[in-house]
Amino acid sequence: EKADPQKTAFLLRKAWTLYSVTPLYGFRRARLRDYARLLGAFIAAEKQKGLAVEVGVELDIKVALSSLAELRGSELDQAALLVQLSSRSRASSRNSEDKPVWLGWFCSVFGDDLSENVPEHFTCLPLFLSHGAESYTSLVGSWFQKTFDCCFRRLAISPLNLSWMVAMWAGCKLDRAASAVELLFSVPRLSQPLDISYAIHPEDAKALWDTVQKTPGEITQEEVDVFMDCLYAHFHRHFKIHLSAAKLVKVSTAVVSAHCDGIVKILHGQYLPGVLMLLTELAISQIQ
Amino acid sequence: HLATSLPLPSERDHLRPRIDLVVFMIDIKSKYSLKNVETSLAYVDASFFLGKVCFLVTGVGRVNACSIEMNAICKLGETYCSPVLFCELELEGIRVATAQRLVRMLGICAGHIPGVSALSFVSLMRMSDDD
C-alpha cells in the first residue's frame, strides 16, 4: 500500500511515545464526530474538577477525530485513527487559528495476528503513538479506556528489538547523505552512571550489513547477531570494553531513531510502513 | 565456588575439592554473559554433562531489558542435555527458592540422596523432549 506522502508527512521527525492498546469494544467509525464531542466534554470536565493541565491558563480544548485510510498494511487492517487536541485562547478573537496542542494516533500495520482471533464488535488498533504533554495523553487514554473498555500500556523496546532495528535499517539506501548510525549504551552497576555512544559511518554500516545478509528482503536472528557481534568486536578491539555486557538503550539510523523507553522518531517517509509494521508487532506481543 | 569464566586456574587444582555440580549463570540482560558461558562450556569434561551441569538464567523479571533471544538459551539446554532454570535474583522469594532448588540438585549430584543420581536429570530431560 503506497501512502500519500503529503498526508503522512506530519508523522515524520516528531518524537512519538508508544503504547500498546487492547482491542476497542463498540467502536464505530461513523460516530467520530460524536466521540470528539464527548472527549472534548470529558477534558473540559476534568479541568473543572481541578485536574487542570496548565494552571492559570484559560484554554478551550477542541478535539478532532479523523481516519487515515492510508496508514495500514493491508485491507485486513483497520484504518488509522487520529486524535488532535487544539487550543483556542479565550482572550483572542473568534477568528484566531487553533493551535495544535497534542496529537495521538492509533494504527495497525499487518496486525493480522491479533485481528484474526478477535470476536465481533472489537476493533483492533494495537499501536498508539502520542506527541505532546503527558497530562493530555493520560486524559485521552482514560477516556478511551472508559468508553471502549480497552487498556493502554507503555510499549518498551528491548535491546534485542533495538538490535533488529539497527540491522534492518542501518543498511538502507537513501538519496541524500545519510546520518551516522548511532548506538547508545548504558553501563549498569557503576557508582556513577556511564553512557557510551558508538557512532558508525553509514557507509561502513551498510557495507557490513551487505556482507552479513544472505537473502535480500529477508532477515534472520542469526544475521542480526552476527552484525551486532561484529560491531561489538570492533569496539572491543579499540577500547577493550565489552558492549555486549552493557544495556543497549537507544539506536539512531537515517530511517528511524528509537529509545528503549518506547519513544521513536521516524525520519523518512519511504520506510514508514516498515517501521510501523515492526512497532505493530511489538505492540501485539505486549498485548498477548 | 564462583568463577567468572573457565578454565579454572590450574595452580589451585590440587587444593580444589571434587566438583559435583556446575551452574552456568546467564544474565538475560547481557549478551556477553551468554558468549562467556558458550566459551567456558568447551572447558568442561564430557562426563559432567550427565546431569552435573545446569544453566541458570537470571534477570527474567525484566522482559523489556532482554538482550538474549529465548530460543538461543533453550537450544543451549538441548544441545548440552542440561536443565535450564529461570529466576529473578532481585526478588528475595525467588532468590531463596532458586537457591534451595540448586542445593537439592547439588545433594543429588554429590550422591547424598540414596536411590537418586545425577543421571536422573538426564532421563527427565529426555522424557520432556519426547513429549
Output the residues of the stretch B:30-51 meeting this criterion: accessible area (heavy atoms, 1.4 Å probe) in the chain alone minus accessible area with all protein chains in place is 10 Å² or greater.
-> B:Ser30, B:Lys31, B:Tyr32, B:Lys35
Expected max-MSF residue from A:Lys14, A:Lys265, A:Lys99 in the GNM of chain A (alpha carbon, under 10 Å) is A:Lys99
Gap in Å between the Cα centre of the stretch A:210-251 and the Cα centre of the stretch A:141-164?
-> 28
Relative to the longest principal axis of the C-alpha atoms of chain A, give the angle of the C-alpha long axis of helix A:32-48, reported between 0 and 90° and rounded to the nearest 10°.
-> 80
Taking the Cα atoms only, what angle lies between the long axis of helix A:159-170 and the longest principal axis of chain A, rounded to 10 degrees?
-> 80
Long pairs among A:Lys14/A:Lys146; A:Lys7/B:Lys31; A:Lys14/A:Lys206, criterion Cα-Cα beyond 32 Å | A:Lys7/B:Lys31
Chain-alone versus full-assembly comparison, the stretch B:62-76, residues with accessible loss of at least 20 Å² (1.4 Å probe) | B:Asn64, B:Ala65, B:Cys66, B:Ser67, B:Glu69
Using a 1.4 Å probe, what is the accessible area per residue for chain B, in Å²?
-> 62
Where does the protein assembly as shown land at 222 nm, in deg cm²/dmol rounded to the nearest 500, when only DSSP H runs of n ≥ 4 count, each adding -39500 (n - 2.57), divided by all residues?
-> -11000 deg cm²/dmol
Please give the total accessible area that chains A and B bury against each other, computed with a 1.4 Å probe and expressed in Å² to the nearest 100.
-> 1100
For the stretch B:1-92, which trypsin sites (Lys or Arg not before Pro) are both in a DSSP coil and crowded by at most 11 other Cβ atoms within 10 Å?
-> B:Arg18
Nearest-5 percent of antiparallel DSSP beta bridges in the stretch A:159-260?
-> 100
Provide the packing ranking of A:212-220, A:253-261, A:138-146, i.e. peptides ordered by the mean count of other C-beta atoms within 10 Å per residue, highest first.
-> A:253-261, A:138-146, A:212-220
If A:Glu116, A:Glu46 are ordered by their accessible area, calculated over protein heavy atoms with a 1.4 Å probe, which sequence runs from highest to lowest?
-> A:Glu116, A:Glu46
Residues of chain A: accessible area per residue with a 1.4 Å probe, Å² | 52
Say each of A:Lys146 and A:Asp210 gets a label point 7 Å from the Cα, pointing the same way as Cα to Cβ; how far apart are those two points in nm?
-> 5.7
Helix A:221-239 axis, angle to chain A major axis (alpha carbon atoms, nearest 10°) = 70
Please sort through the DSSP H helices of chain B and keep those with an alpha-carbon extent of at least 15 Å along the long axis and a Kyte-Doolittle average not below 0.0.
-> B:92-109, B:119-130
DSSP-defined beta bridges in the protein assembly as shown - what % are antiparallel, rounded to 5 = 85
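The values are calculated or read from the model by the stated rules, or taken from the named source; none is laboratory data. Because the structure is a prediction, the values reported are computed rather than measured. With ideal geometry, Cβ positions are generated from the backbone for all residues, glycine too; neighbour counts draw on all protein chains shown. With ligands, DNA and RNA removed, areas are computed over all heavy atoms of the protein, side chains included. Shrake-Rupley method; radii C 1.70, N 1.55, O 1.52, S 1.80 Å.
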